[in-house]
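Q: Here it is: the structure, laid out below.
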Amino acid sequence: KAGVTQTPRYLIKTRGQQVTLSCSPISGHRSVSWYQQTPGQGLQFLFEYFSETQRNKGNFPGRFSGRQFSNSRSEMNVSTLELGDSALYLCASSLAGANNEQFFGPGTRLTVL
Amino acid sequence: GENVEQHPSTLSVQEGDSAVIKCTYSDSASNYFPWYKQELGKRPQLIIDIRSNVGEKKDQRIAVTLNKTAKHFSLHITETQPEDSAVYFCAAHNTGYQKVTFGTGTKLQVIP
């Protein structure tokens, strides 16, 4: 079956702008998690959605938000971009959440100038 | 919150030798511990996982051990090959609260 897909793959924005990233999970997977990956910080958990509800949130400012649709596709939004938001944003899907294997998407590389 | 420490941050081994990566976690309620391999420019992929009711699990050259009392778990790779070169991440899941915390990664280099 098709893997996790993310769009766009690359994005260049300027400070102050906002951005929306999209994630399509594996068919049948209801949980989608988002992570920020940077060279110095590794993988930082942003939030997790299950059946359109955010079940958990990491330690990121309110500028980072997300949502999940009825077909399990998820989007994350970052408003008022800062230089430090430059990172690889990965989403991962699983059948039901933290007790199941997560399958990662290829990521969206966001560069903030 | 959960804190996961991973050591070492870099590891170089000769081809054929063994490699060991260790992680410690702080949340005693964590109960699922996967290991991911991320090759350069690629997505993380699960290579092995262990649940809190098991002490050890093997899959060919890869094994993971878990010590719940000490709150640490380790990845063991035997007979390393150049294609094992990658960044390895451990993670600790608290399935009750749907929380996942990753270690900071270990860059493994296998020298031919």
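The values are calculated or read from the model by the stated rules, or taken from the named source; none is laboratory data. Predicted model, so just to flag it, every value in this text is computed and none were measured. Please note: Cβ atoms are built from the backbone with ideal geometry, for glycine as well, and neighbour counts cover all protein chains shown. Accessible surface is based on the protein model in full, side chains and every heavy atom, while ligands, DNA and RNA are left aside. Shrake-Rupley method; radii C 1.70, N 1.55, O 1.52, S 1.80 Å.
Q: Applying the selection to the stretch A:67-81, what residues are more than 14 Å from every other protein chain (Cβ to nearest Cβ) and either in contact with a Phe, Trp or Tyr (Cβ under 6 Å, 6 or more places away or on another chain) or at pLDDT below 90 (or both)?
A: Matches in the stretch A:67-81: A:Ser74, A:Met76, A:Val78.
Q: Taking the residues in the stretch B:68-112 that are touching a Lys or Arg at 6+ places or on another chain (Cβ under 8 Å) and of a type in the set (Gly, Ala, Ser) as candidates, determine which candidate is nearest to A:Glu101 (Cα to Cα).
A: So, considering only residues that are touching a Lys or Arg at 6+ places or on another chain (Cβ under 8 Å) and of a type in the set (Gly, Ala, Ser), the one nearest to A:Glu101 (Cα to Cα) is B:Ser74.
Q: Among the numbered conditions (1) within 14 Å of chain A (Cβ to nearest Cβ); (2) touching a residue at least 40 places away in the same chain (Cβ under 8 Å); (3) touching a Gly at 6+ places or on another chain (Cβ under 9 Å), tell me where B:Gln98 comes up short.
A: (2)
Q: Of B:Ser30, B:Ser18, which residue is polar (S, T, N, Q), within 11 Å of another protein chain (Cβ to nearest Cβ) and in contact (Cβ under 8 Å) with a residue 40 or more places away in the chain?
A: Of B:Ser30, B:Ser18, the one residue that is polar (S, T, N, Q), within 11 Å of another protein chain (Cβ to nearest Cβ) and in contact (Cβ under 8 Å) with a residue 40 or more places away in the chain is B:Ser30.
Q: Considering only residues that are among the charged types (D, E, K, R) and modelled with pLDDT under 95, look in the stretch A:9-51 and name the one that is farthest from B:His93 (Cα to Cα).
A: The extreme case among them is A:Arg30.
Q: Applying the selection to the stretch B:39-61, what residues are part of a strand (DSSP E or B) and open to solvent by less than 20 Å² (accessible area, probe 1.4 Å)?
A: B:Ile48, B:Ile50
Q: With the checklist (1) surrounded by fewer than 19 Cβ atoms within 10 Å (Cβ to Cβ); (2) among the charged types (D, E, K, R); (3) in contact with a strand residue (DSSP E or B) (Cβ under 9 Å, 6 or more places away or on another chain); (4) under 27 Å from A:Ser31 (Cβ atoms) in hand, flag the one item B:Lys68 doesn't pass.
A: Of (1) surrounded by fewer than 19 Cβ atoms within 10 Å (Cβ to Cβ); (2) among the charged types (D, E, K, R); (3) in contact with a strand residue (DSSP E or B) (Cβ under 9 Å, 6 or more places away or on another chain); (4) under 27 Å from A:Ser31 (Cβ atoms), only one is false for B:Lys68: (3).
Q: Scan the stretch A:65-113 for residues that are surrounded by fewer than 23 Cβ atoms within 10 Å (Cβ to Cβ) and touching a helix residue (DSSP H, G or I) at 6+ places or on another chain (Cβ under 7 Å) and report the count.
A: Adding up the residues that qualify gives 2.
Q: Collect the residues in the stretch B:75-112 that are within 23 Å of A:Trp34 (Cα to Cα), assigned to a loop (DSSP other than H, G, I, E, B) and not polar (S, T, N, Q), keeping them in residue-number order.
A: B:Gly96, B:Tyr97, B:Gly103, B:Gly105
Q: Also: Looking at (1) surrounded by fewer than 21 Cβ atoms within 10 Å (Cβ to Cβ); (2) within 11 Å of chain B (Cβ to nearest Cβ), which is the only condition A:Tyr35 fails?
A: Among (1) surrounded by fewer than 21 Cβ atoms within 10 Å (Cβ to Cβ); (2) within 11 Å of chain B (Cβ to nearest Cβ), the lone unmet condition for A:Tyr35 is (1).
Q: Here's another thing I want to ask about it. Could you list all residues from the stretch B:85-95 that are at the interface with another protein chain (Cβ under 7 Å from one of its Cβ atoms) and either crowded, with 24+ Cβ neighbours inside 10 Å or modelled with pLDDT of 85 or more (or both)?
A: Listed by number, the residues that qualify are B:Phe89, B:His93.
Q: I would also like to ask the following. Please pick out the residue among B:Asp17, B:Asp27 that is of a type in the set (Asp, Glu), assigned to a loop (DSSP other than H, G, I, E, B), open to solvent by less than 80 Å² (accessible area, probe 1.4 Å) and at pLDDT 95 or above.
A: Working: B:Asp27 fails: at pLDDT 95 or above.
Criteria check complete, one pass: B:Asp17.
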